[in-house]
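The values are calculated or read from the model by the stated rules, or taken from the named source; none is laboratory data. What you see is a predicted model; the values in this text were computed from it and never measured. Cβ placement follows ideal geometry from the backbone for every residue including glycine, while neighbour counts extend to all protein chains displayed. The accessibility values were calculated without ligands, DNA or RNA, using every heavy atom of the protein model including side chains. Shrake-Rupley method; radii C 1.70, N 1.55, O 1.52, S 1.80 Å.
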Amino acid sequence: MAYELSSTSWGQEELDAMQRVLRSGRFTMGEQVRLFEDAFACRFGMKHAVMVNSGSSANLVGVATLFYRSKRPLQRGDEVIVPAISWATTFHPLQQYGLRLRFVDVELDTLNMDVSRLDAALTPRTRMVVAVSILGNPAALDRIRAFCDAHDLIFFEDNCESLGASLNGRPTGTFGDIGTFSTFYSHHISTMEGGLLVTNDTEIDHLARAIRNHGWARDLPADSALNREQPLDDPFFEAYRFVVPGYNVRPLELAGAVGLEQLKKLDAMLAVRRQNAAHFVGLFKDDPRFIIQRENGSSSWFSFTMILNPAMNLDRARVMDALRKGDIQFRMITGGCFPQHAAVKYFDYDIVGDIANARIAHERGFFVGNHPRDITADLDHLHRVLESV
Ligand SMILES: Cc1ncc(COP(=O)(O)O)c(C=O)c1O
């Protein structure tokens, strides 16, 4: 059987939760989503969690809130420092809101932003840093937090691939002013499609609730600052008030109900992922042919990355051919080096210095899957296949 990139983490509990929602007849965002949001916020020690229909939407809504907040809102043309490697929808909302991106290289071993380059990336127009913890491995979030505080910058944490990771005992996704998560199929917990935004800032929370839901005030508490601009005394007008430009990126009740079940299993699933990781690291840490991901803090090991060591003359095509013949699925690391994609022509951007490591990871890197079940046999098979190349 193939060693797959991803597999379902659902059991009977998730199917039963779906059935309960189907029987209830309430399918659109409601109580189950609210309960999941509360459980999620509690689990990560944050004041607020807002669920949307994907991690991409969490990024989009999160960026939008920063343009409508009362204190120093972002303006078109402001600059944002970003790592050169992430998923496309880390970057797209930044372009869509007219920001200028400054791409910074990553470290070849952690695959996260090289924070020694932050000073060089800073200009008088810089307003925000977006940090991404790649594939479960915490970025230097403590240092990025300190940098943002020192320069009065917004810290936006795209934690869509690192739910369950931590740095110095603090969960990734909670270092930023806004943290985003994805609960897509292959991720640490899955609600089919889904995503969340977490924050301790009540204004951001209210803006996010309005922006995910047509820009509508309906989900906001009566005392929300967003409610103050219009009178509340006529129920006819009160029911349909639009307070900010928004979208419809609401999640379904099915996703909320499944999320509650998945969250209960998270610790057990993370423990197995970490056991698999220990085996993978044991097999490959001393193999000079490959650069594997160096853990910073406590990774939640989304997957296992391997970069063909540029110092050695390895034939990439032969390695990939052997993996295919061995029935081992593999893929590009996250979305690769973003400036190498055609979409970048639509962006306003600079490359800070060079992004040589991101280009190496793009061209010579791949990852194989980790799963919330014991995959020792798959990893041993991978090792044998790569030994034979
Ligand atoms: C870093 C990062 N940001 C955003 C996303 C988007 O999440 P989704 O697939 O739920 O839209 C992903 C997806 O994997 C991701 O890896």
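A compact table of results
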| item | result |
| --- | --- |
| Sulfur and carbon atoms: percent of accessible area, the chain [1.4 Å] | 52 |
| Accessible-area ranking of Leu122, Leu153, largest first, probe 1.4 Å | Leu122, Leu153 |
| Most mobile of Gly282, Gly215, Gly176 in a GNM of the chain (Cα contacts under 10 Å) | Gly282 |
| Residue with peak Gaussian network fluctuation, the chain [Cα springs, cutoff 10 Å], from Asn227, Asn159, Asn213 | Asn227 |
| Positive dipole terminus of the stretch 1-83, leading residue within Phe40, Val80, Ser9 (C-beta point charges) | Val80 |
| Given charges at Cβ of Lys, Arg, Asp, Glu: the chain dipole, positive-most of Phe330, Ala277, Gly369 | Phe330 |
| Kirkwood-type radius of the stretch 71-162, with distances r between different C-alpha atoms, in Å | 13.2 |
| Test item: Cα-centred dipole of the chain, Lys/Arg +1 and Asp/Glu -1 on Cβ, debye | 340 |
| Eligible aspartates and glutamates near Lys325 by straight Cα distance, threshold 20 Å, same-chain separation 8 or greater | Glu4, Asp315, Asp378, Asp380, Glu387 |
| With 20 Å bins from 0: P(r) over the chain, alpha-carbon pairs, percent | 28, 56, 15, 1 |
| Heavy-atom surface of the chain, accessible at 1.4 Å and reported per residue (Å²) | 42 |
| Eligible lysines near Lys264 by straight Cα distance, threshold 28 Å, same-chain separation 8 or greater | Lys47 |
| In Å, descending, principal axis extents of the Cα set of the stretch 205-249 | 29, 18, 14 |
| Centre separation in Å (Cα based) which lies between the stretch 303-343 and the stretch 95-143 | 23 |
| Candidates Pro171, Pro288, Pro93, ranked by Gaussian network fluctuation over the chain, Cα under 10 Å, top entry | Pro288 |
| Principal axes of the stretch 134-288: Cα extent on each, largest first, Å | 70, 42, 22 |
| Packing-based ranking, highest mean first, of 127-140, 306-319, 332-345, 94-107 given that Cβ atoms within 10 Å are counted | 127-140, 94-107, 332-345, 306-319 |
| Percent RCO, i.e. relative contact order, over the chain, from Cα pairs under 8 Å lying at least 6 residues apart | 24 |
| Helix-only CD estimate at 222 nm, as mean residue ellipticity for the chain, using -39500 (n - 2.57) per DSSP H run (n ≥ 4) | -11000 deg cm²/dmol |
